[in-house]
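Encoded as structure tokens, the structure appears first; notes follow it.
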Amino acid sequence: MFRLTSLLILLAASTVVGGADKPNIVILFTDDQGTLDAGCYGSTDLHTPHIDGLAMDGVRFKAAYAHTVCCPSRAALMTGRHPQRSGVNSWCQRNMTAEGTFMALEEVTLAEALRESGYKTAHYGKWHLGAHQDVGPKCQGFDQFFGIRDGFIDNHTHFFLHGDGFHDLFEGTTEVFHSDAFFPDLMVDRSLSFLDDQARNGNDESFFLYTAFNIPHYPEQAFERHLKMYEGVEEPRRSYGAFVTTTDEYIGKILKKLDQTGLRDDTIVLFVSDNGHSAEDYKIKTDSHSSGYPKGHNYGANGGGGNTGKWIGHKGTFLEGGVRTPAIISWPGKLPSGAVRDQTITIMDWYPTLLEICGLPKPNVKFDGHTIVPIFISPEAKSKHEVLHFQWQQRWSVREGDWKLIQHNNEVGADGQFELVNLADEKPEQKDYSKEKPGIVERLRRLHADFEADVFAGKVEQ
């Protein structure tokens, strides 16, 4: 049983910066794993023993918010700030020579803050915050990077599949080729080797391992043995559910390695997803595609197979199913185990929270996230997020209490532009109150105007 005094004593003692006296940090960041898509979140049709085990050993959050798509979630996680502050309000550069959006280099990332305090830092998997060689993980705090610099690849060929496609697999900024190797194998093998190296070093320095999976994001390429586990399940749940189980197996490999190397008791493990499940459908539209796949090859999410329970929505929407995600944190003997929290938290909260737990100084930046250590200590602690803001390109949403205002298109004054929904309804977000409650609409519009004035202050669109 977790005792209140254990974390308080830990925090009081965590005052020396740097060195192996600080806990290690492992972030397991999944891609397009939806709101309730793990057994511990009530999806009884899914086989996710390792995620469920992590929940039994840690704190599970029922109202954890990320963002609606990949790039802004990653920026918010890495900076503890609204992604608009770092210039990420649209899709980031796709390849090494592309012009376009990237996360601002002047941002002080979590990796930079930890490295400054003596941590060894490594990122394996998906970056998606700017692919150009002059930006990226090794420019923003990571000692090591191996993976994909853009948003997704076919796991067998390592080609981005939209449009004409391109090869996307890098060691730092050097393109590498691993013909026919399954990408999650490659990235997890690197994660396991990193942990072995840390154990061989006797844990002389604390480390930060950021394993950012590109799965269960499409193309859904689950192991055949996992597809067999879901025989009789209707599509698209079958292919998606099997891929979630494949993802869970990889998570299990990393957790097992932490146990085998004796690192687990000194390591904080955070599991979180970047956004809701995908409902996208895609097929290759060109002949002679660079990946070698034929025209008409299906690589999408088959309309979506996620479970949102009473909520509606999916990736790309500001409905709960688009922005509410699973989140679990575990540190055996230090944080509560088997605990569940209902308070609203956001992906921006993890940066300041991890620094506080580790007793490390905060960088001199304006965080939009807040420490959630009080919520670890007490299920009665209040959330500091009275208002939630989301923006992606010209679309946006603001939530205050149970009311959420969603702006659906870019045409100011267009009929049906605003939808006002309520999360407390028996069927949440399915009734539009915008005509009935003009006063609430106006108040929330003012809140959003203040948000934009703040986060875009002095910025020019990239």
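Values in this text are rule-based calculations from the coordinates and carry no lab data. Since we're looking at a predicted model, the values are computed, not measured. Glycine also receives a Cβ, built like all others from the backbone with ideal geometry; neighbour counts cover every protein chain displayed.
Computed values, structure above
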read-out: Most to least packed among 60-67, 420-427 [average Cβ atoms within 10 Å]; value: 60-67, 420-427
read-out: The range 377-396 residues near the modelled ALA63 label - backbone nitrogen below 19 Å, point 7 Å along Cα→Cβ; value: 377-390
read-out: 5 angstrom amide H check on PHE208, placed H, neighbours 5+ away; value: ILE25, LYS120, THR121, ALA122
read-out: THR211, THR344 arranged by Cβ crowding within 10 Å, fewest neighbours leading; value: THR344, THR211
read-out: Lysines with Cα under 26 Å of LYS228, excluding same-chain neighbours fewer than 8 positions away; value: LYS253, LYS256, LYS283
read-out: Loop-located GluC sites (Glu not before Pro) in the range 286-383 whose Cβ has at most 12 other Cβ within 10 Å (DSSP); value: GLU380
read-out: Reachable lysines, given that their alpha-carbon falls under 20 Å from the alpha-carbon of LYS427 and they are not under 8 places away in the same chain; value: LYS62, LYS310, LYS315, LYS404, LYS435, LYS437
read-out: Taking the range 304-360 and dividing mean pair separation by its residue count, relative contact order in percent (alpha carbons under 8 Å, at least six apart); value: 14
read-out: The range 234-392: relative contact order in percent, alpha carbon pairs under 8 Å with at least 6 residues between; value: 20
read-out: Packing-based ranking, highest mean first, of 235-242, 447-454, 163-170 given that Cβ atoms within 10 Å are counted; value: 235-242, 163-170, 447-454
read-out: Estimated [θ] at 222 nm from DSSP helical runs (n ≥ 4, -39500 (n - 2.57)) normalised by residues in the chain, nearest 500; value: -8000 deg cm²/dmol
read-out: Size descriptor, Kirkwood hydrodynamic radius, that averages inverse alpha-carbon separations across the range 387-455, Å; value: 12.2
read-out: For VAL272, net neighbour charge (Lys/Arg +1, Asp/Glu -1) across residues whose Cβ lies under 12 Å away; value: 0
read-out: 14 Å beta-carbon shell around GLY151, net charge (K/R +1, D/E -1); value: -2
read-out: Relative contact order of the range 151-299, pairs being alpha-carbon contacts under 8 Å that are 6 or more residues apart, as %; value: 27
read-out: Protection proxy ranking of 390-398, 269-277 - average other beta-carbon atoms within 10 Å, highest first; value: 269-277, 390-398
read-out: Scattering curve values for the chain, log₁₀ I(q)/I(0), Debye with Cα scatterers, q = 0.09, 0.11, 0.12, 0.13 Å⁻¹; value: -0.56, -0.87, -1.05, -1.26
read-out: Inter-label distance for LYS256 and GLN133, nm, one decimal - labels placed 7 Å from Cα along Cα-to-Cβ; value: 3.9
read-out: HN-Hα J in Hz across the range 365-380 - Karplus 6.51, -1.76, 1.60, θ = phi - 60°, x for Gly and Pro; value: 9, 8, 7, 9, x, 10, 4, 10, 3, x, 6, 4, 6, 9, x, 9
read-out: Summed residue charge, Cβ within 11 Å of LYS120's Cβ, Lys/Arg positive, Asp/Glu negative; value: -3
